[in-house]
1. So what's the angle, to the nearest 10 degrees on a 0 to 90 scale, between helix 27-64 and the longest Cα principal axis of the chain?
2. Give, rounded to the nearest 20 debye, the magnitude of the charge dipole that the chain has about its Cα centre when Lys and Arg contribute +1 at Cβ and Asp and Glu contribute -1 at Cβ.
3. Based on the mean of other beta carbon atoms within 10 Å per residue, what is the order of 16-23, 116-123, most packed first?
4. Can you send over the solvent-accessible area of T169, 1.4 Å probe, protein chains only, in Å² to the nearest 10?
5. Give the residue from S140, P117, V99 lying farthest towards the positive end of the charge dipole for segment 86-142; charges sit on Cβ (+1 for Lys and Arg, -1 for Asp and Glu) and the dipole is referred to the Cα centre.
6. With the radius of gyration and the Kirkwood radius both derived from the Cα set of segment 85-200, what is their ratio Rg to Rh?
7. Compute the helix-to-body angle for 183-198: its Cα long axis versus the longest principal axis of the chain, expressed 0 to 90° and rounded to tens.
8. Please give the FRET efficiency for S45 paired with F123, using the beta carbon to beta carbon distance and R0 = 45 Å, rounded to the nearest 0.05.
Amino acid sequence: MNLTYLYCLKKEDYHKAIRKFNRKCSSRGKKIIVRSFIAGISLLSASVFIGVLIVIQLYQLTQEHPKYIAHRLAKEFFSQQYIYLTIIVIYLIIGIYFVYRAVTYPNQKINHQLTDPENNILFSEKQIMIDTIGISSKISAQPDYDQTWRWDELKKIHDADEYFIIQITEDKIIILPKHLLSVDDLELFMSKKLMCTHKK
């Protein structure tokens, strides 16, 4: 078995694969998403709770006093409770931010990587070679770059729809588009995926 794939990764493929990896495969990415959701929902719930308490107090004022007195008491109430109103606004803004971060993660990070000129090498021509020993990677723009990883060194191989994401470490991955692979190649990768998944 000796397979060679020569390709340039498109920016849209990079974006889709990295987003999929961070949201579905990376334990670190999953933790960030879960923590952001919990923080956002907690802050939004707290702001709603405080708001409901204020509404209840205002309602009680209207029920316990004549209308003109209730109106005056409401004005005094708001002048004294502005701190709580400020807290509600702050909690809402921060809560929305955390929920938005959880929903869109890691788009901001990816967009920064795509616009950074130093990362252009990610989209240069690369050569991936696969044999019985493992996987080797070469980059045309860096003639001295030549790395090999044995099958038992790989952390995991993720089947991410249009790509195989070969996870070498927690942060280092190789993105291999499936359209480059033949049917036999796909079967090989699925067997290696199972091997990496069930290794001790």
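The values are calculated or read from the model by the stated rules, or taken from the named source; none is laboratory data. Keep in mind it's a predicted model, so treat the numbers as computed, not measured. Cβ atoms come from the backbone with ideal geometry, glycine included; neighbour counts cover every protein chain shown. We work out accessible area using only protein heavy atoms, side chains counted, and drop any ligands, DNA or RNA first. Shrake-Rupley method; radii C 1.70, N 1.55, O 1.52, S 1.80 Å.
1. 10 degrees
2. Once rounded to the nearest 20, the dipole reads 740 debye.
3. 16-23, 116-123
4. 70 Å²
5. Value computed over the given set: V99.
6. On the Cα set of segment 85-200, Rg over Rh gives 1.13.
7. That works out to roughly 60 degrees.
8. 0.55
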